[in-house]
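The values are calculated or read from the model by the stated rules, or taken from the named source; none is laboratory data. Quick caveat: nothing in here was measured; it's all calculated off a predicted structure. No Cβ is skipped: glycine too gets one built from the backbone with ideal geometry, and neighbour counts run over all protein chains shown. Just so you know, the surface numbers come from the protein's heavy atoms only, side chains and all, with ligands and any DNA or RNA stripped out. Shrake-Rupley method; radii C 1.70, N 1.55, O 1.52, S 1.80 Å.
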Amino acid sequence: MSIANTLLGLLEGGPKYGYDLKRLHDERFQQDRPLHYGQVYSTLSRLLRNGLVEEKGIEPGSGPDRKRYAITDAGVTNVDEWLSTPENPSLYLQNTLYTKVVLALLSERDAADVLDAQRGAHLREMRKLTTRKGDGDLADQLICDHALFHLEADLRWLELTAARLDDLAGQLKP
(Lines give C-alpha, C1' and ligand atoms only; values in the text may rest on other atoms or scores of the structure.)
Protein backbone atom coordinates (compact mmCIF):
# COMPACT_ATOMS: atom_id res chain seq x y z
CA MET A 1 0.00 0.00 0.00
CA SER A 2 1.26 3.47 -0.82
CA ILE A 3 1.71 5.36 2.45
CA ALA A 4 2.13 8.66 0.60
CA ASN A 5 -1.13 8.30 -1.32
CA THR A 6 -2.94 7.10 1.78
CA LEU A 7 -1.81 10.15 3.75
CA LEU A 8 -2.83 12.41 0.87
CA GLY A 9 -6.25 10.77 0.81
CA LEU A 10 -6.64 11.35 4.54
CA LEU A 11 -5.72 15.00 4.08
CA GLU A 12 -8.60 15.47 1.64
CA GLY A 13 -10.85 15.70 4.71
CA GLY A 14 -9.03 18.85 5.81
CA PRO A 15 -5.67 19.97 7.24
CA LYS A 16 -4.15 17.73 9.88
CA TYR A 17 -1.07 17.35 12.04
CA GLY A 18 1.27 14.42 11.45
CA TYR A 19 0.15 12.90 14.75
CA ASP A 20 -3.49 13.01 13.64
CA LEU A 21 -2.64 11.44 10.28
CA LYS A 22 -0.83 8.57 11.99
CA ARG A 23 -3.76 7.99 14.34
CA LEU A 24 -6.32 8.05 11.50
CA HIS A 25 -4.19 5.74 9.39
CA ASP A 26 -3.74 3.24 12.19
CA GLU A 27 -7.45 3.29 13.06
CA ARG A 28 -8.60 2.71 9.51
CA PHE A 29 -5.94 0.61 7.83
CA GLN A 30 -3.23 -0.97 9.96
CA GLN A 31 -4.59 -2.60 13.08
CA ASP A 32 -1.83 -5.20 12.89
CA ARG A 33 1.03 -3.01 11.69
CA PRO A 34 0.78 0.63 12.75
CA LEU A 35 2.89 3.30 11.07
CA HIS A 36 5.93 4.63 12.84
CA TYR A 37 5.97 8.37 13.49
CA GLY A 38 9.24 8.68 11.60
CA GLN A 39 7.63 7.14 8.54
CA VAL A 40 4.74 9.64 8.70
CA TYR A 41 7.00 12.67 9.03
CA SER A 42 9.51 11.58 6.41
CA THR A 43 6.62 10.93 4.00
CA LEU A 44 5.10 14.34 4.77
CA SER A 45 8.49 15.99 4.14
CA ARG A 46 8.73 14.28 0.76
CA LEU A 47 5.13 15.26 -0.11
CA LEU A 48 5.91 18.87 0.90
CA ARG A 49 9.07 18.91 -1.21
CA ASN A 50 7.11 17.52 -4.19
CA GLY A 51 4.35 20.12 -3.86
CA LEU A 52 1.62 17.62 -2.99
CA VAL A 53 1.01 19.10 0.49
CA GLU A 54 1.60 22.48 2.05
CA GLU A 55 2.03 23.70 5.60
CA LYS A 56 -1.08 25.38 7.00
CA GLY A 57 0.24 26.68 10.27
CA ILE A 58 2.86 25.95 12.86
CA GLU A 59 2.24 25.77 16.61
CA PRO A 60 5.06 25.86 19.13
CA GLY A 61 5.03 23.01 21.61
CA SER A 62 7.10 21.56 24.41
CA GLY A 63 8.97 19.54 21.77
CA PRO A 64 9.32 20.25 18.08
CA ASP A 65 6.90 22.70 16.48
CA ARG A 66 3.63 21.12 15.37
CA LYS A 67 2.92 21.61 11.67
CA ARG A 68 -0.51 21.29 10.07
CA TYR A 69 -0.49 19.91 6.55
CA ALA A 70 -3.06 20.40 3.80
CA ILE A 71 -3.33 18.71 0.43
CA THR A 72 -2.64 20.87 -2.63
CA ASP A 73 -4.43 20.72 -5.99
CA ALA A 74 -1.50 18.66 -7.29
CA GLY A 75 -1.98 16.31 -4.35
CA VAL A 76 -5.69 15.90 -5.15
CA THR A 77 -4.79 15.13 -8.78
CA ASN A 78 -2.26 12.56 -7.55
CA VAL A 79 -4.89 10.85 -5.38
CA ASP A 80 -7.39 10.88 -8.29
CA GLU A 81 -4.85 9.18 -10.56
CA TRP A 82 -3.89 6.65 -7.89
CA LEU A 83 -7.51 5.72 -7.13
CA SER A 84 -8.39 5.32 -10.80
CA THR A 85 -5.36 3.13 -11.58
CA PRO A 86 -6.06 -0.58 -11.02
CA GLU A 87 -3.62 -2.47 -8.82
CA ASN A 88 -1.60 -5.16 -10.55
CA PRO A 89 -3.13 -8.52 -9.70
CA SER A 90 -0.77 -10.48 -7.48
CA LEU A 91 0.43 -13.44 -9.47
CA TYR A 92 2.23 -16.11 -7.53
CA LEU A 93 3.90 -17.80 -10.46
CA GLN A 94 7.03 -18.70 -8.52
CA ASN A 95 6.50 -18.80 -4.81
CA THR A 96 8.39 -20.29 -1.91
CA LEU A 97 5.88 -23.08 -1.29
CA TYR A 98 6.14 -24.36 -4.86
CA THR A 99 9.94 -24.27 -4.53
CA LYS A 100 9.76 -26.29 -1.30
CA VAL A 101 7.56 -28.92 -2.97
CA VAL A 102 9.93 -29.28 -5.93
CA LEU A 103 13.01 -29.43 -3.70
CA ALA A 104 11.36 -32.04 -1.48
CA LEU A 105 10.65 -34.17 -4.55
CA LEU A 106 14.16 -33.67 -5.97
CA SER A 107 15.75 -34.69 -2.67
CA GLU A 108 13.38 -37.64 -2.28
CA ARG A 109 11.78 -36.17 0.82
CA ASP A 110 8.04 -36.43 1.35
CA ALA A 111 6.49 -33.46 -0.47
CA ALA A 112 3.10 -34.45 0.95
CA ASP A 113 4.47 -33.60 4.40
CA VAL A 114 5.42 -30.13 3.14
CA LEU A 115 1.88 -29.64 1.82
CA ASP A 116 0.29 -31.02 5.00
CA ALA A 117 2.33 -28.71 7.22
CA GLN A 118 1.35 -25.74 5.08
CA ARG A 119 -2.31 -26.78 5.09
CA GLY A 120 -2.19 -26.87 8.90
CA ALA A 121 -0.64 -23.40 9.05
CA HIS A 122 -3.29 -22.04 6.68
CA LEU A 123 -6.13 -23.57 8.68
CA ARG A 124 -4.78 -22.14 11.95
CA GLU A 125 -4.54 -18.69 10.39
CA MET A 126 -8.05 -19.03 8.95
CA ARG A 127 -9.42 -19.85 12.41
CA LYS A 128 -7.75 -16.75 13.87
CA LEU A 129 -9.13 -14.56 11.07
CA THR A 130 -12.62 -16.01 11.48
CA THR A 131 -12.56 -15.18 15.19
CA ARG A 132 -11.23 -11.69 14.49
CA LYS A 133 -13.89 -11.19 11.83
CA GLY A 134 -16.63 -12.11 14.30
CA ASP A 135 -15.33 -9.61 16.83
CA GLY A 136 -14.56 -6.80 14.38
CA ASP A 137 -16.36 -3.88 12.83
CA LEU A 138 -17.30 -3.80 9.15
CA ALA A 139 -13.85 -2.57 8.05
CA ASP A 140 -12.13 -5.36 9.97
CA GLN A 141 -14.61 -7.91 8.58
CA LEU A 142 -13.81 -6.82 5.02
CA ILE A 143 -10.07 -7.02 5.65
CA CYS A 144 -10.47 -10.49 7.15
CA ASP A 145 -12.67 -11.62 4.24
CA HIS A 146 -9.98 -10.54 1.78
CA ALA A 147 -7.34 -12.54 3.63
CA LEU A 148 -9.64 -15.54 4.07
CA PHE A 149 -10.44 -15.68 0.36
CA HIS A 150 -6.73 -15.69 -0.47
CA LEU A 151 -6.10 -18.45 2.06
CA GLU A 152 -8.99 -20.47 0.62
CA ALA A 153 -7.44 -20.17 -2.84
CA ASP A 154 -4.12 -21.36 -1.40
CA LEU A 155 -5.88 -24.36 0.17
CA ARG A 156 -7.39 -25.27 -3.20
CA TRP A 157 -3.88 -25.10 -4.71
CA LEU A 158 -2.51 -27.28 -1.90
CA GLU A 159 -5.17 -29.93 -2.58
CA LEU A 160 -4.61 -29.83 -6.33
CA THR A 161 -0.85 -30.08 -5.92
CA ALA A 162 -1.20 -32.98 -3.47
CA ALA A 163 -3.29 -34.82 -6.06
CA ARG A 164 -0.62 -34.23 -8.73
CA LEU A 165 2.53 -35.00 -6.72
CA ASP A 166 3.23 -38.29 -8.49
CA ASP A 167 2.95 -36.63 -11.91
CA LEU A 168 5.21 -33.76 -10.84
CA ALA A 169 7.77 -36.16 -9.40
CA GLY A 170 7.79 -38.05 -12.71
CA GLN A 171 8.42 -34.86 -14.68
CA LEU A 172 11.28 -33.83 -12.41
CA LYS A 173 13.25 -37.04 -12.89
CA PRO A 174 16.14 -36.69 -15.33
Legend entry - Answer residue from region 73-102, given it is closer than 30 Å to residue 166 by Cα and either among the basic types (Lys, Arg) or open to solvent by 100 Å² or more (accessible area, probe 1.4 Å) (or both) and is modelled with the highest pLDDT among those: 100
Inset, instruction - Kindly provide the set of residues from region 28-57 that are touching a strand residue (DSSP E or B) at 6+ places or on another chain (Cβ under 6 Å) and either without any contact (Cβ under 8 Å) to a residue 12 or more places away in the chain or open to solvent by 80 Å² or more (accessible area, probe 1.4 Å) (or both), ordered by number. - result: 56
Inset, instruction - Inspect region 151-174 for any residue being open to solvent by less than 100 Å² (accessible area, probe 1.4 Å) and under 30 Å from residue 7 (Cα atoms) and give the result as yes or no. - result: yes
Legend entry - Qualifying positions in region 64-78 - closer than 12 Å to residue 18 by Cβ, out of contact with any Lys or Arg (no Cβ under 9 Å at 6 or more places or on another chain) and not acidic (Asp, Glu): 64, 66
Inset, instruction - State the number of residues belonging to region 27-72 that are modelled with pLDDT of 80 or more, of a type in the set (Phe, Trp, Tyr) and under 29 Å from residue 138 (Cβ atoms). - result: 2
Inset, instruction - Enumerate the pairs (first residue in region 58-82 and closer than 20 Å to residue 42 by Cα; second residue anywhere and of a type in the set (Val, Ile, Thr)) with beta-carbon separation below 6 Å, excluding pairs fewer than 6 apart on the same chain, so at least 6 apart or on different chains. - result: 65/58; 67/58; 69/53; 71/53; 75/53
Inset, instruction - Would you be able to say whether some residue in region 109-119 is among the β-branched types (Val, Ile, Thr), open to solvent by less than 100 Å² (accessible area, probe 1.4 Å), more than 23 Å from residue 22 (Cβ to Cβ) and in the same structural domain as residue 14 (by the TED database)? - result: no
Legend entry - When residues of region 128-142 are limited to those that are among the aliphatic types (A, V, I, L, M) and open to solvent by less than 70 Å² (accessible area, probe 1.4 Å), the one farthest from residue 29 (Cα to Cα): 129
